[in-house]
Amino acid sequence: MKRIVLLAVSFLMVMAVSAEPSKRKVNIVFIGNSITYGAEINHNTEAPPVRVGEQLAAEGYEVNVRNCGVSGSTTVDWLPERNSRIFQYMIGAADELAQKEGVLIFTMMLGTNDSAIDCCTGSPVAPADYIANVRKIVDYLLDRYPGSKFIINYPLWYHPHTYNGARYLHTGLARLRTYLPEIDALCKEYRKVKPQRVFQGSRKTFRAFENRTDLFVTENSALGQGLKFYLHPNPQGAIILAHFWAESIKKVLSK
């Protein structure tokens, strides 16, 4: 009997060790706008997705990253039924990564351009429409890629003087804030209907960047009078954002 118990324990230990490497192989598709893309900083070396890959690799993960962030995009641009050029590009990246060993994770941060007074496709997007769009994107990708996982991130705070040809301003920022409880509610629902498939990113990111103008590139507002706005993270801000994203990804992989 003792021999059988020892053999069983040894078998379980071998299984645990052999299972661990697969959890450390991850393929990540980043969906987002100019913040994800890395506008106003070096897109190839300083964008948040690049920094996520660097952090995970430094911690021993085998990671493949595809930055599909597109400047000016809204949730409307990413709707599956529109089958836009940016959506097709993202699907191509996901199809490629789905063939690789490891977990396929989609991580999405959208909402900045949705909230603007006049900016991009569909803006301004009402909170109910915003979250309905998010749901359509998530559901489509989960169905297309069985076994994949999805992280929904809060959009970042931006300065109320933000006006770069498109108007964001106080009205846009107020609208952006209304998206946050919508994300909370949707992720809570997904925990019941799609357990271990959809996860909420850190709820600390919005507060971490709120009024932290030192974490953003300083840009001239079209309001004039020497006013500045803060919309795109600078290199330091990109590293901090990437840390939040990387920690969320690690939590998903630990499940």
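Residue 61 meets the conditions (1) of a type in the set (Phe, Trp, Tyr); (2) touching a helix residue (DSSP H, G or I) at 6+ places or on another chain (Cβ under 6 Å); (3) farther than 29 Å from residue 172 by Cα in every case but one. The failed one is (2).
Table: residues versus (1) hydroxyl-bearing (Ser, Thr, Tyr); (2) over 15 Å from residue 130 (Cβ atoms); (3) surrounded by fewer than 19 Cβ atoms within 10 Å (Cβ to Cβ); (4) in contact (Cβ under 8 Å) with a residue 40 or more places away in the chain.
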residue: 154; (1), (2), (3), (4): yes, no, no, yes
residue: 159; (1), (2), (3), (4): no, yes, no, yes
residue: 166; (1), (2), (3), (4): no, yes, yes, yes
residue: 174; (1), (2), (3), (4): no, no, yes, no
residue: 190; (1), (2), (3), (4): yes, yes, no, yes
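Looking only at the stretch 195-207, which residues are surrounded by 14 or more Cβ atoms within 10 Å (Cβ to Cβ) and more than 25 Å from residue 126 (Cα to Cα)? Scanning the stretch 195-207 gives a single hit, 197. When the stretch 196-207 is filtered for residues that are under 22 Å from residue 39 (Cβ atoms) and assigned to a helix (DSSP H, G or I), the ones remaining, listed by number, are 205, 206. Contact map, the stretch 24-42: residues that are modelled with pLDDT under 95 paired with residues that are assigned to a loop (DSSP other than H, G, I, E, B) and not hydroxyl-bearing (Ser, Thr, Tyr), Cβ distance under 7 Å, separation 6+ or inter-chain. Pairs shown: 24/60. None of 131, 151, 137 is aliphatic (A, V, I, L, M) and in contact with a Gly (Cβ under 8 Å, 6 or more places away or on another chain) except 151. Check whether at least one residue in the stretch 107-115 is aliphatic (A, V, I, L, M) and in contact with a Pro (Cβ under 7 Å, 6 or more places away or on another chain), and report yes or no. Within the stretch 107-115, one or more residues are aliphatic (A, V, I, L, M) and in contact with a Pro (Cβ under 7 Å, 6 or more places away or on another chain). Considering 129, 95, 77, which residue is within 22 Å of residue 184 (Cβ to Cβ) and either within 16 Å of the chain's Cα centre (by Cα) or at pLDDT 95 or above (or both)? Of the residues listed, the single one that is within 22 Å of residue 184 (Cβ to Cβ) and either within 16 Å of the chain's Cα centre (by Cα) or at pLDDT 95 or above (or both) is 129. Tell me, which residue of the stretch 66-124 that is assigned to a loop (DSSP other than H, G, I, E, B) and of a type in the set (Val, Ile, Thr) is surrounded by the fewest Cβ atoms within 10 Å (Cβ to Cβ)? Among those that are assigned to a loop (DSSP other than H, G, I, E, B) and of a type in the set (Val, Ile, Thr), it is 117. Scanning the stretch 208-240 for residues that are assigned to a helix (DSSP H, G or I), touching a residue at least 24 places away in the same chain (Cβ under 8 Å) and loosely packed, with under 14 Cβ neighbours inside 10 Å yields nothing.
Among the listed residues 141, 176, 180, which satisfies the condition of being part of a helix (DSSP H, G or I), modelled with pLDDT of 95 or more and more than 25 Å from residue 234 (Cβ to Cβ)? Don't jump to the end; show me each part of the working.
Working: 176 fails: more than 25 Å from residue 234 (Cβ to Cβ); 180 fails: more than 25 Å from residue 234 (Cβ to Cβ).
Within the list 141, 176, 180, the selection yields 141.
The values are calculated or read from the model by the stated rules, or taken from the named source; none is laboratory data. Here the structure is a predicted model, which is why all the values come from computation and not from measurement. Cβ atoms come from the backbone with ideal geometry, glycine included; neighbour counts cover every protein chain shown.
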